[in-house]
1. Once amide H atoms are placed 1.01 Å from N in the peptide plane, what residues at a sequence separation of 5 or more from Thr263, or on another chain, have their amide H within under 5 Å of its amide H?
2. Which ³J(HN,Hα) values, rounded to whole Hz and listed in residue order, are derived for the range 123-133 from phi using the Karplus coefficients 6.51, -1.76 and 1.60 in 6.51 cos²θ - 1.76 cosθ + 1.60 with θ = phi - 60°, glycine and proline given as x?
3. Quick one: which residues, 5 or more positions from Trp18 or on another chain, have an amide H under 5 Å from its amide H? H modelled 1.01 Å from N in the peptide plane, none for Pro or chain starts.
4. Each residue of the range 56-71 in order: what ³J(HN,Hα) in whole Hz does its phi give by Karplus 6.51 cos²θ - 1.76 cosθ + 1.60, θ = phi - 60°, with x for Gly and Pro?
5. Would you calculate the convex hull of the Cα atoms in the range 8-97 and tell me its volume per residue in Å³?
6. Over the range 93-153, what per residue volume does the convex hull of the Cα atoms give, in whole Å³?
7. What list of whole percents do you get for P(r) of the range 234-373, with Cα-Cα distances grouped in 10 Å bins up to the one holding the largest distance?
8. Would you work out if the range 89-190 is rounded, prolate or oblate? Take a ≥ b ≥ c from the square roots of the eigenvalues of the alpha-carbon gyration tensor; rounded if a/c is under 1.5, else prolate when a/b is larger than b/c, oblate otherwise.
Amino acid sequence: MPPPEDRSTTPDKPDLMWTPEIQAAIESWQHTSVFPFPNLGIYPEPDARFFSTDDLRLIYHLAAICSQLGALDANSFTIWTRQIPTIIGIAATNSFVMHSLLAFSAMHIAYLTGCPLVGNLEYEHRGVALKGLQQAIGSFSRETSDAVLAASLVLSWQATDWRSWTQLMQGTLSVIDAMETWKNESQFVDFINDSRTFPTAPPSPALDHKSSQPAKEDLEAYQHTLQQLQSVEAYLKHSKQEALTKSMSLLISFLKGSRKVSTAYSVVQQFDRLRPLRTYLFWLPIEFLQKNGASPNALVAMAQYYMVALLMERLFPEIGTAYFGSLCMGPVEDIARRLFAMSQTSGNDPAVLKPLSMMEVPIETVKEFRSRMGWSQPVRTPSFPTFSHPSMYGSEAVSVPPVTGPYLTTYDSAAFSYSTESLPLLNAEPSAPTSAISPLSLSSPFPNPQYLSIPSPSYVAGGLSPASSTFEGSVAYSDSEDFGAFDLGGVPDGLPMPGSSNRNFGVGFVPPIQTVWM
C-alpha cells in the first residue's frame, strides 16, 4: 500500500489507490493495448478498449499482486493468487467472470482503504456477476463450464454469510458433477479434484439440529495450537518484528475468542462469528509478503494463520471449515519446503533455522487434517523437512516447552488476560436482518431446487466433515481464566478489524435473501 502522499484521492470518487506510476501504466495499456504484466502468461489478455479506466485499475490491482508475488516465487504461499492469472484469461472473454473479479478486487481495496465508494463498486460488480452467472447456468455447456466454475469460485470468496456461501458451493459442486466426463480438459482440474471438502450442510439446517461438541482430543489440539502461537509471537517480538508480532497477537485473540463461540449457536451464527479468520486468510498473507518479502519470519507467521484454519475443522466441523482447511494445506507445505531450502544454504543461520523449527506444529496439523479427512499421506521427497519430535496428536500429548528468558511476553503474566469486549464479531449477538436488497438476492431461473437436473448435496450425516466431532458429553467452550482487558488497537498498520466502522458500506453488505444457486 503506497504512502498516503503518493496516492491521488478525491472525496467524490472511489479511492482506488492511484499513484502516478499506476496511472502511467494504465494509460500505456489503453494506448498500446499491451497488457502491463506479460510475465503472468495470461491468455487471452483483457482488451483495454472494452473497459473503463476504473475497471482497468481493478484488473491491474489483482494482476500486480500476482506479479509481485511471482517475483518472490510466492504465489503458492496464498490461498487465491495462484488461480488469478487463469481466471483473468477466462474473464477476458466472459463478462460475468470479469465482473466477479472486479468485485473481488474492489473488496480488497475497500478493505485496505475503508472507502465506502469502493464498497459500492464491489456491490455493483457482484450484482452484475451474479446475474450473468444465472444466465450462464441457463445455457450451461462443455464450452461454458470453466467460466461458470471461475465465477462461482471468485464469488464464493466474497460471500460473507452462511446461506449465500453454501448455496454457491453446492451449486459449484453440481457443476463439477456435470463436468465429470470432461473434467480433465478443464483449467480447474486441480480445484475439481479438491472438491471433497465442499460443505454438505444445507443453507438452512433443521431448526432442531444440534451441533456436536468438541471431543477431549480436540480441546487438547486447541491448547497445543495456542501454545504454538504464543511461542511464535514471543520469537517475533524478540526478533523485533513489530508488525508480525502484532499479527500474532491478533491471531491469538481470535483463537481464544473462538472458544467463546458456543456450540449452542446455530450453524449460521457460528459461520458469522468465524468470519474474521476468513478475512485474515485472504488478505494478511498478501500484506506479509508485500512488506517483508518471502522472509523466514513472514513465512512462519503466515503458516500460523493457515494452521489455525486447519484447527477450526476440529472445533466447528459443520460450517464448511474443512473446505477452508483444504485450501491451507498446500501453502503450509510449500512454506515448509521454502524454509528448508533456505536452511540448506544459510550456514546454520538461526534466523532461518528457528522459523523452520516452528513449522513442526503446522506440518503436524496438516498431517492430522489429512487423517481426519480419510486421505492418504503424500510421499515426502528429500526437499521436505522432517522433524525428530513425535506427533503432537499421538497417544501421549507432547508439551510445548515454556517460553523463557528473552522470549517472555505479556501472555506469560498472570495479570494478562483477554476481554470478550475486544472480540465483537465473535461474541456479539446476531444483528437483525436489514430490509436492504443485496446483490446476492437474485431469484433463481430454475423452477425446482435442482441444478442441471442434478440434486443438490443433501444434509448427509448431519452435514458434518468426514471426521467431525461427535462427543456429546459435558465438554464445552469455557475458560477458567479471569478475562481482563486486551487492547486490539495495536494491529498491523493498514489492517482494519473485521466489522469495524470503515467496512460499514450499508446497502452493499447485508445478508442475502436468496442466492443464484437453488
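1. Under 5 Å from the amide H of Thr263: Tyr477.
2. 3J(HN,Hα) across the range 123-133, in whole Hz: 4, 5, 5, 5, x, 5, 4, 5, 5, x, 5.
3. Ser8
4. 4, 5, 5, 4, 4, 4, 5, 5, 5, 4, 4, 5, 4, 5, x, 5
5. Enclosed volume per residue, from the Cα hull, is 114 Å³.
6. 60 Å³
7. Once binned at 10 Å, the Cα pair distances of the range 234-373 give 11, 41, 34, 12, 2, 0.
8. Because a/c hits 1.5 or more and a/b exceeds b/c, the range 89-190 counts as prolate.
No value in this document is a laboratory result; all are computed from the given coordinates. Keep in mind that what you see is a predicted model, and the values were worked out from it rather than measured.
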